[in-house]
Amino acid sequence: MTVLRLLKHSGSWLLLWAAAHAAASTATDHGLEHILDEASGAEIMRAVQERHQLYPHVYEEQVMVLQDRLGHRDTRRLRRFTRVEEDGSVRFLLLFDAPEDVMGVALLAVRNASGETRQSFYLPALGPDFIESSERSSQGSFLGSDFTVENLTGEVLADHLYVRRRDERIVGQPYYRIDVYRAGVEPATSSPLRAHFILQDSLFIARTDHFDDLGRVERRQTHHDLVPVGAGVWRPNLVRMDNLRDGHKSYLRIERRIFSADLVPPERFTAQWILANQPPLARVVAAVEDES
Amino acid sequence: MISWLFLLGVRNQASTLFVLVLITLAAASGIGRLQVDTSFDSLIPANDPARAVYQRIANEFGSDNRTLIYVRDDALWTPEKLASLEALQRGLRQVPHVERVDGLFNLRTVEGRRGRVDAQLLVDGVPETREGALLARDRALANPLYRYNFFSPDGRVTALIVSLEDIEEIPDASARVHDGIERLLDRHRGDFERVFQVGPPRISVELTRSLFSDMLLLGPLAALVLIGAILLFMRSPMAAILPLVTSSLAVVWTLGMLGWAGVPLNILSAMIPALIIVIGSTEDTHIIAAYFRGLAEGAEDVRLDAVRYMARHMGLPLILTVMTTALGFAANLFSNIGMIQDFAIASTFAMVANGVITLLLVPMLLVKFGSLRPPESFEEERRHGLPRRIVRLFRVSQDRFPTNTLAVTAALCVFFIWQASNLYVTNDPLSYFPADRPLIQDTRRVADDLAGVKFFYIALEGDHDRAFQEPANVTRLAEIQRFIQRQGAFDASLSIADHLAFVHREFGGQFAELALPETRQLVAQYLLFFHRGDLEQYVSHDYRRANIVVRHNINDSYTLNAHIRELEDVIDHIAAPDLRVVITGENLLVNRAAESLMLGQVQALGLLLGLIFLVMSAMFTSFKGGAIALIPAVIPIALMFGIMGLLRIPLNPGTAMVAVIAVGIAIDGTIHLLARYNELCRRTSDYVGAVHQAVEEEATPLIVSSLALALGFGVLLFSNFTVVAQFGALAAATMLFSILANLLITPIVMARVRLVGLYQILAISVNKEVLQQSPLFAGMSEYQRRKAVLISETNDFASSECLVEQGTMGRSMYLILDGHADVVRRGEDGEKVLATLGPGDVFGEIGYIRAVERTADVRATGPVSALRFDYERMQKDLKFFPNIVAQLNFNISTILGERLADMVGTSATKS
């Protein structure tokens, strides 16, 4: 019921987390490709969304690994809280637990029902103030990684135009290829923002190529280690972003995922709760101590 | 042996020609394989340990190999201009091998105001309004990280920084990048007041194109100058054509060898065709002059006899001069700079090849096509031309003021050596181009409006991970940068300290000044706002190492190295004790290599002079000979270094080679002079006269070849490269100095010595038994006997010719080597043969000891060859060859003693 309401109101939230790597072990629906043979890009994207609709309340413990062009790695531990309200607004909180010097850093993003996003930062070392940041900042790199905030929060279907291209076969697997354009542009004369490669048998977005303004692949996002999280719903436990221009790689591994409204109550997405609960939980502190 | 070699081509014309054609064809087929090396790598010593350090640091913090696109317009911040700039930035990304382009449209900034901080693009697309454009300008100029690096403070100039893929191993990639960018810029030149590119691709392309332009220009120009000079002085078209033939073949051989051996052409080796033509011609000039002299002595087969004469007189000097010239070029192998080493290989081979070709081909061509008589004007020129006038002028000094001349020369040398103390070194690639070249002017313009296009790194390493998240260490970076600013030598510096100070200001809002965050946690938290790509040039992944990127526009190594040394001292003080520091950069390594130029120069010059001294000492069986041979080599070098100091001409890869090359060439004239003087000394006891004659005979080829060399080197002034032009000018001046040294100083010194050549000792053809059995040579070794023969004069007499005439005064004593002579006394009662002398007999010893009238004639009864020992000459030679002359005098007194004893014995018997 909640999911239906969500679709009705936001209709557009497609968290790319939901796009999963379709390994051989994934669930398949053998008749699906025939149904979608004549489908448009938008219809396929809607089918993807319907197939892998998200749970509204998610708590995740994550490890982000940043790898530079020389292969050096930098690891961060974080917790992520996501809550989708009935009116379609989404709240998103990211808390840093390690390394020690960035412990307590918080990124809070709120997208209201009309699609407007507000985000703010909390830097414990700077003082007990939240610093507002504009929506444009969400298009930049996210806290040193090759992900943008937008990559992590999702793509709004209504804001984009989806054009189905010729199906592709990659390593023996058939894929739908959907080019994504900003809504309102003429695809014949514009470059796509990105291209989704969707496994035909499971409708998972296995790969997304992000293009630069010249139409060259700049970054490639892939999803791995798929786990079933419900009937026909899958989530990746590893998201990888390759920056093909700089040779950087960013990995996001989900170490723990819980779908529970109790873990993401509305007050968790407030400055008061964040300020009152930093430094973080004793468990996290202990983990940091173990590391050090 | 040497004559045999010289006449090899004459005796075996068909096979020699076949071999020459075969080698030439093989070489020609290698020319297509020629490679060009204009990389900065060739300017850095291969064994420089700092190279590995640089490579490690460049690998970690990124290469400094970037091209800068300079865009200037007073109305830059308007929607129209910015639209053009955006199109340009987009277009650049489509140029082959371009990895990324950084500029206004993809630069990110952090902007803080009233509790908000936005990390965003400086400008998100082309502004549609003038206000939007001005807002973008204000945002761009407010970011200290971009000031001078991307935008001039007044906002009229912006830069696009183009990073390239690793194209080092891809042939012609630099040219493709340069031309691609240039085509794009051509489309945008109308959009802006000024737009151009500066960076390694442009430098590489300009170096390569200038190099080929030099090769195409300098070779033919040198040939023209050579023909003109030879026609002017030798008055013989043949004398002008022969050097062109030999040098053309040598050019093909050399370029072919370079192609097959994989030795690349560089800006120095581009002048090799011109050098072969110019230097190779000097040998031809000398041997053609000898051929002309030989024509006068020819009998049946005029050409062949003249060539044989040439072989006898020029064989050894030719081989020696080829050797010394090649040694001069080979001495550059001691440089540890790749570009100079490659040039040394190419030029040494070229000189040897030219010598071999000359040795084999010129006698063959002369026998076939040589003139049958010397050009009258040649003799006229020799007697009354410029060389003769120079010789006469010099002779006044030599004869009247020899000591003063030597003293003035010595004083001049001291003055110039003192001036040489001002000498400084430089190796900066941009200094290879003349100052008025657009590339250099563009580079200056970038430096004036933004910051210099040259980079170096100050890399610091802490003793633990995250050392550069410690505020204390970040503060040290800022301290170093403050010193750099105070130093005033470098244009701009950027480090992680600047990034942190900027973000701190934007987050803090209330800070008017840039200040650094005070806690490690705040540093770490600010750093979250940068993408790794934004920081990897300034800090290592683990924050253990930090890097300050410094930009500058210093074009001479001397100044740069001095500032770097000062910087090192200060940084060591700031960094001590727990931070390790390395200052490095490709540009810095190249400039530091300048210091090895000086060391290489001293080593090469010392070794070459030592070698020449030893070779010449051996050749003239005397260390004095070796020392004399060095005089005309050392004087021009002293003057050359003095002029460099006086005119502030730097020691660079071009000028660093002048000394050794000039020594190798200048010594040629000396060898010819000494060899001729030696030869003449065998025929006369008038050594001063021999000096005069040797100088007169050698002056024309020496002056002609030196002037031709000076003019030929002068041609290099037309080179596109300053280093080559400076090399040419100095080499030309040195050649002119060598005329002065060879014709003014060498004769004064030469007249005071008597030399015997080792080759003469070895080549002497005398009856060994005659010498062994002669009492005159008693107690001498074979070597001493041969040397004694050479100290004497060898006289040949025809049948019936009088060796000694009764009633004349004479102070000479003779030893018959071959033939027979009668001792005939003329009296009132007619002539009476007193004795018949044969090989080994000595006569005239009384006259040698005491000036008395000859008491009888000595007449040859057939062809006679005799050694003549002149008293006065022997007295002179006593100081030059004391052991041999003393032994000779002792033997003469023994002979006289025995004669006296015989006479006393005979009288006693009679009585």
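A compact table of results
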{"item": "Heavy atoms of B:Arg389: accessible area, 1.4 Å probe, square angstrom to 10", "result": "140 Å²"}
{"item": "Shielded residues, the stretch B:524-568 - accessible-area loss of 40 Å² or more between chain alone and all protein chains, probe 1.4 Å", "result": "B:Gln525, B:Leu528, B:Phe529, B:His531, B:Arg532, B:Glu536, B:His541"}
{"item": "Accessible area (Å², 1.4 Å probe, nearest 10) - A:Tyr59", "result": "20 Å²"}
{"item": "Inter-centroid distance (Cα atoms) of the stretch B:616-642 relative to the stretch B:300-351, Å", "result": "18 Å"}
{"item": "Net charge over other residues, Cβ less than 9 angstrom from the Cβ of A:Asp101 (K, R count +1; D, E count -1)", "result": "+1"}
{"item": "Stokes-Einstein D (µm²/s) once Rh is taken as the Kirkwood radius of the stretch B:766-910 over alpha-carbon pairs, at 37 °C in 0.692 mPa s", "result": "208 µm²/s"}
{"item": "Cα convex hull volume per residue for the stretch B:355-506 (Å³)", "result": "349 Å³"}
{"item": "Net dipole in debye of the stretch B:668-721 [+1 Lys, Arg Cβ; -1 Asp, Glu Cβ; about Cα centre; nearest 20]", "result": "60 debye"}
{"item": "Computed label-point distance, nm, for sites A:Thr189 and A:Ala158 using a 7 Å Cα→Cβ extension", "result": "2.7 nm"}
{"item": "The stretch B:448-589 - Kirkwood radius from inverse mean 1/r over Cα pairs (Å)", "result": "15.6 Å"}
{"item": "List B:Lys876, B:Lys368, B:Lys454, ordered by accessible area with a 1.4 Å probe, largest first", "result": "B:Lys368, B:Lys876, B:Lys454"}
{"item": "Per-bin percent of Cα-Cα distances, chain B [10 Å]", "result": "2, 10, 17, 17, 14, 11, 9, 7, 5, 3, 2, 1, 0, 0, 0"}
{"item": "Kirkwood-Stokes translational diffusion coefficient of the stretch B:315-356, alpha-carbon pairs, 10 °C, 1.306 mPa s, µm²/s", "result": "154 µm²/s"}
{"item": "Built amide H within the under 5 Å cut-off of B:Phe433, gap 5+", "result": "B:Thr722"}
{"item": "Relative packing of A:204-216, B:567-579, B:660-672, which averages over residues the other C-beta atoms within 10 Å, highest first", "result": "B:660-672, A:204-216, B:567-579"}
{"item": "List B:Thr855, A:Thr117, ordered by accessible area with a 1.4 Å probe, largest first", "result": "B:Thr855, A:Thr117"}
{"item": "Spatial extent of the stretch B:64-205: Rg and Dmax, with the Cα atoms as the point set, Å", "result": "15.6, 55"}
{"item": "Computed over the stretch B:217-358: relative contact order in percent, which uses C-alpha pairs under 8 Å that are six or more apart", "result": "30 percent"}
{"item": "Inter-chain Cβ neighbour average for residues A:121-131, partner chain, 10 Å", "result": "5"}
{"item": "Sum of side-chain charges, B:Ile319 neighbourhood, beta-carbon under 12 Å (Lys, Arg +1; Asp, Glu -1)", "result": "-2"}
{"item": "Threshold 40 Å² - residues in the stretch B:435-483 whose accessible area is reduced by that much or more when the chain is no longer isolated, probe 1.4 Å", "result": "B:Arg466"}
{"item": "Heavy-atom accessible area order for A:Asp37, B:Asp829, largest first, 1.4 Å probe", "result": "B:Asp829, A:Asp37"}
{"item": "Segment B:Arg580-B:Leu135, length gained on full extension (0.36 nm per residue, minus Cα span)", "result": "155.9 nm"}
{"item": "Under 11 Å, Cβ to Cβ, from A:Ile170 - net charge with Lys/Arg +1 and Asp/Glu -1", "result": "+1"}
{"item": "Most positive-pole-ward Cα, A:Ile258, B:Ala886, B:Phe416, against dipole of the protein assembly as shown from beta carbon charges", "result": "B:Ala886"}
{"item": "P(r) of the stretch B:136-241 over all Cα-Cα pairs, binned every 10 Å from zero, in whole percent", "result": "12, 24, 23, 15, 12, 9, 4, 1"}
{"item": "Cβ-based charge dipole, the stretch B:351-489, positive-most Cα from B:Ala451, B:Asn473, B:Leu361", "result": "B:Leu361"}
{"item": "Residues of the stretch A:224-267 buried by at least 50 Å² on assembly (accessible area, 1.4 Å probe, chain alone as reference)", "result": "A:Arg245, A:His248"}
{"item": "Average partner coverage of A:67-79, which counts Cβ from other chains inside 10 Å", "result": "3"}
{"item": "Estimated dipole of the stretch B:448-589 in Debye, rounded to 20 [Cβ of Lys and Arg +1, of Asp and Glu -1, Cα centre]", "result": "180 debye"}
{"item": "Debye, to nearest 20: dipole size of the protein assembly as shown, +1 on Lys, Arg Cβ, -1 on Asp, Glu Cβ", "result": "2220 debye"}
{"item": "Accessible area (Å², 1.4 Å probe, nearest 10) - B:Phe530", "result": "20 Å²"}
{"item": "Size-normalised alpha-carbon gyration radius of the stretch B:389-463, reference 2.2 N^0.38 Å", "result": "2.22"}
{"item": "Distance from the stretch A:166-215 to the stretch B:704-731 (C-alpha centre basis), Å", "result": "65 Å"}
{"item": "Of all accessible heavy-atom area on the protein assembly as shown, the percent that carbon and sulfur account for (1.4 Å)", "result": "55 percent"}
{"item": "Span from the the stretch B:651-676 Cα centroid across to the the stretch B:409-475 one, whole angstrom", "result": "32 Å"}
{"item": "Interface area, A with B, accessible, probe 1.4 Å, both sides summed, Å² nearest 100", "result": "3300 Å²"}
{"item": "Whole-number D in µm² s⁻¹ for the protein assembly as shown, Kirkwood Cα-pair radius fed into Stokes-Einstein, 37 °C, 0.692 mPa s", "result": "88 µm²/s"}
{"item": "Probe 1.4 Å, protein heavy atoms only - accessible area per residue of chain B in square angstrom", "result": "39 Å²"}
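The values are calculated or read from the model by the stated rules, or taken from the named source; none is laboratory data. The structure presented is a predicted model; accordingly, all values stated were derived computationally and were not measured. Note: ideal-geometry Cβ built from the backbone for every residue, glycine included; neighbour counts use all protein chains shown. These area figures cover heavy atoms from the full protein model, side chains too; ligands, DNA and RNA do not enter into them. Shrake-Rupley method; radii C 1.70, N 1.55, O 1.52, S 1.80 Å.
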